[in-house]
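Notes to accompany the following structure.
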Amino acid sequence: MATKTETAQGTPVRVVGFLCDWAVRSEGLLNPDDTLVGMPHVTVIRVPCSGFVKPGWLELALRSGAAGTFVCGCPMGDCLNREGNWIMEDRIDQLRKRLARQKVDPDRIAFFAYGLHDQQAFLDAVQAFVDRLRALGGGKA
Amino acid sequence: MRGAASALALAGFLAVLALVCVAAMVYGEWFDRRLLSSGALGVLLVLYAAIVVLFRKAGITAEE
Amino acid sequence: MYRRLLTGLQSATLRLDVGIQRVLPQDFNPLYYTGGLANLFLTVLVVSGILIFLYYEPSLEGAYASVEFLTRDVPYGVVFRGIHRYAADAYMVAILLHLFRNWFTDRYREARDSQWLSGMVLLVFSGLAGFTGYLLVWDERSQMLTSLTVQALRSVPLVGHWLAEVFVGGPGVSDTTLPRFLFLHVGPAMALYVLLWWHYVRLRHPKIWPPAVWVLFGLGLLFILASVLPATSGRPAQPGASPEGFPVDWFYLWPYVLARWMAPGWALALVVALLAYGMVIPYTLRETPEERGLRALGQAVVVDENCTGCELCYYDCPYNAIYMVPSPAPGKSRAAANRKLLAVVVDSRCVECGICIGACPFEALELPRMLDRDVQQRIQRGAQAPAAAAT
Ligand code: HEM
Ligand code: SF4
Ligand code: SF4
């Protein structure tokens with residue numbers, strides 16, 4: 001699976017994402033170095049619940065040179081921990097507002113919600129996200 | 001403005017609906033057709049549920 | 001074997017959601033609100049039950065006639081009676097869906113066992129209230145159920161006869177019997193609310209109502225059922241009569257059907273065994289931390305030095321596992337120096353989800369096996385990694 005992961009200027013579009021352990025089945029989804037299959041620029045950190053993710057970590061990813069960052073939780077309503085994905089969605093909304101004030105494009109942060117059986121939909125969503133980032137240009141660093 | 005108008009329309013619709021229900025119940029009691037009118041009430045409620053789904057699918061109402 | 005079965009059932013349960021969401025918007029999926037649906041039908045039961053209670057007369061001579069009066073002469077009495085009956089069935093369907101969904105999606109063990117146990121006790125009391133409801137009409141069915149139950153209770157070793165006497169209020173059916181049945185119906189129903197407190201005490205804002213569509217649909221369905229299949233009584237109970245059979249409500253009366261093939265005592269034993277097994281489900285086949293993987297990172301730990309007492313974690317923890325206590329001593333960090341409160345994690349409630357970690361802006365909470373520091377390193381590595389060639 002060859003995918004374009006570079007901007008028009010040729011800088012690679014790096015993405016750091018967080019994937020809830022209970023959401024999309026991760027078997028066969030990741031390379032040994034925790035990058036997404038077919039998307040070696042996308043590093044995925046598996047977490048126990050999407051609500052575990054600190055907004056500060058998303059900021060850190062952007063500051064460290066990632067072009068974008070995302071969190072993927074369970075389908076809304078099916079969070080294993082009842083409310084993790086709703087809480088995370090809220091936190092991301094607030095983080096977007098804060099970043100917009102700091103002249104960082106809020107579109108660099110995405111929130112997805114996919115279940116066990118939605119591997120393909122998840123991969124498509126990440127690919128679409130990478131495409132959007134490619135249009136925005138590479139990371140800030 | 002549009003919000004207020006549609007809310008009013010909805011309130012009016014619900015009021016009429018409530019009146020229809022009351023009328024149906026009085027009719028049922030009067031003419032000894034309790035089961036008929038309560039069944040009709042049930043159908044009305046189920047239809048109403050269907051309308052909620054259709055509205056959402058047609059994009060008229062959004063996720064809150 | 002059993003474990004593979006559970007994994008398969010989990011996969012199937014979630015696949016069902018995928019199917020449902022092809023038809024319905026995601027937030028309308030009824031399986032996300034099975035507890036709320038149970039609560040909806042329970043509320044309908046209480047309201048219609050109070051209306052029926054106003055007309056009911058708990059005596060051997062009067063009970064049947066009072067129910068007939070309600071059904072024939074009270075305006076819409078027949079509808080209320082039908083709604084009460086079908087709401088009971090819908091309620092049982094809802095709790096069974098709730099039970100199996102929580103079971104198959106792994107929401108029943110470790111720190112969640114308290115919800116599971118209170119749920120099983122709710123199930124016992126619901127079943128009790130459900131079948132005693134059929135005794136109150138005092139028709140032939142009531143009579144048969146009573147005699148089968150007495151037989152079953154009598155065959156309990158040691159205390160059997162005493163239990164049977166407690167059940168009917170004396171050595172045999174007498175004037176105390178129906179008041180006692182009335183209590184055995186209403187008492188457990190009221191106890192459900194105490195049990196629900198236990199069920200909810202570890203859940204932060206539990207979703208106790210389904211979305212409006214399902215309220216409308218559920219109520220509509222009850223009205224339709226009550227009109228199409230009106231609830232009626234059988235022939236009145238006759239002392240000494242031995243009726244052949246009775247119409248069965250499969251949700252509450254199935255143990256009595258078993259009594260056709262086995263002694264009533266064995267049917268009772270089977271029910272007790274099933275419920276007892278239900279209670280130990282959370283403790284059978286415990287998984288090791290390795291098997292639980294990312295879901296066993298250790299219970300959240302408060303870093304005393306950094307906690308400012310801001311309460312953000314307290315508001316986000318979905319399992320009410322964080323308590324704010326008066327701070328015994330100031331914290332070390334600048335922000336924590338003037339704190340009034342300190343967060344404390346109640347270990348027995350914490351499900352190790354880490355939601356509080358995401359909430360804390362002061363680095364004062366950690367999951368022991370996935371530290372902030374390590375995650376930060378991984379983020380930096382990911383953000384800066386040289387374009388990896390391997391795919
Ligand atoms: C009277 C019937 C019952 C009612 C009204 C009821 C209601 C509820 C509600 C509203 C919730 C919260 C759902 C949420 O907000 O995430 C819940 C959770 C739960 N219920 Fe029930 N329930 C009932 C019976 C049962 C039974 C029979 C069981 C199983 C034996 C059960 C097991 C559970 C468990 C394990 C949870 C926790 C789910 C989680 O941690 O996400 N409940 N119940
Ligand atoms: S990890 Fe935190 S949020 Fe999750 S249950 Fe434990 S204390 Fe609550
Ligand atoms: S969010 Fe952090 S700082 Fe605030 S009370 Fe909880 S542990 Fe303390």
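The values are calculated or read from the model by the stated rules, or taken from the named source; none is laboratory data. Everything numeric here is computed off the predicted structure, so don't read it as measured data. A quick note on method: Cβ atoms are made from the backbone with ideal geometry, for glycine too, and the neighbour counts reach across all protein chains shown.
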Subset of region B:8-64 [under 29 Å from C:P30 (Cβ atoms), of a type in the set (K, R) and touching a helix residue (DSSP H, G or I) at 6+ places or on another chain (Cβ under 8 Å)]: B:R56
Subset of region C:189-244, residues at pLDDT 95 or above, assigned to a helix (DSSP H, G or I) and more than 30 Å from C:R72 (Cα to Cα), comes to C:A191, C:L192, C:Y193, C:V194, C:L195, C:L196, C:W197, C:W198, C:H199, C:Y200, C:W214
Return a yes/no flag: does region C:193-201 have any residue that is facing another protein chain (nearest Cβ under 10 Å) and in contact with a helix residue (DSSP H, G or I) (Cβ under 6 Å, 6 or more places away or on another chain). no
Taking region C:276-294 on its own, how many of its residues are in contact with a helix residue (DSSP H, G or I) (Cβ under 9 Å, 6 or more places away or on another chain), surrounded by 14 or more Cβ atoms within 10 Å (Cβ to Cβ) and not in a loop (DSSP other than H, G, I, E, B)? 5
The helices (runs of 4 or more DSSP H) lying entirely within region C:300-391 that contain at least 1 residues which are of a type in the set (D, E, K, R), exposed (fewer than 15 other Cβ atoms within 10 Å of the Cβ) and more than 16 Å from ligand 1 (Cβ to nearest atom) are C:372-384
So which residues in region A:23-46 are of a type in the set (A, V, I, L, M, F, W, C) and facing chain C (nearest Cβ under 7 Å), if there are any at all? A:I45
State which residue pairs qualify: first residue charged (D, E, K, R) and at pLDDT 95 or above and inside region C:315-330, second residue near ligand 2 (Cβ under 6 Å from one of its atoms) and not in a loop (DSSP other than H, G, I, E, B) in any location, beta carbons under 8 Å apart, and separation of 6 or more residues or different chains. C:D316/C:I355; C:D316/C:C356
Do any residues in region A:73-92 that are within 8 Å of another protein chain (Cβ to nearest Cβ) and outside any loop (DSSP other than H, G, I, E, B) have Cβ atoms under 6 Å from those of residues that are more than 9 Å from ligand 1 (Cβ to nearest atom) and of a type in the set (D, E), where the two are at least six apart or on different chains, and which pairs are they? A:I87/C:D316
Residue check for C:L16: within 11 Å of chain A (Cβ to nearest Cβ), modelled with pLDDT under 95 and surrounded by fewer than 20 Cβ atoms within 10 Å (Cβ to Cβ): yes
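Yes or no, residue by residue, for (1) more than 10 Å from every other protein chain (Cβ to nearest Cβ); (2) among the hydrophobic types (A, V, I, L, M, F, W, C):
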residue	(1), (2)
C:N306	yes, no
C:C313	yes, yes
C:N338	yes, no
C:D372	no, no
Exactly one of C:Y319, C:Y314 is under 19 Å from C:G354 (Cβ atoms) and either out of contact with any helix residue (DSSP H, G or I) (no Cβ under 9 Å at 6 or more places or on another chain) or more than 10 Å from ligand 3 (Cβ to nearest atom) (or both), and that one is C:Y319
Looking only at region C:104-126, filter to residues that are out of contact with any helix residue (DSSP H, G or I) (no Cβ under 7 Å at 6 or more places or on another chain) and touching a residue at least 12 places away in the same chain (Cβ under 8 Å); which one of those is surrounded by the most Cβ atoms within 10 Å (Cβ to Cβ)? C:R112
Does region C:204-231 hold any residues that are farther than 25 Å from B:R56 by Cα and facing another protein chain (nearest Cβ under 7 Å), and which are they? C:A226, C:S227, C:V228, C:P230
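For region C:18-36, give me the residue count where each residue is more than 14 Å from C:L196 (Cβ to Cβ) and either touching a residue at least 40 places away in the same chain (Cβ under 8 Å) or within 15 Å of ligand 1 (Cβ to nearest atom) (or both).
Result for region C:18-36: 8.
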Is there any pair linking a residue in region A:114-133 that is more than 14 Å from chain C (Cβ to nearest Cβ) to one that is part of a helix (DSSP H, G or I), with Cβ under 7 Å and at least six apart or on different chains, and which? A:R132/A:D107
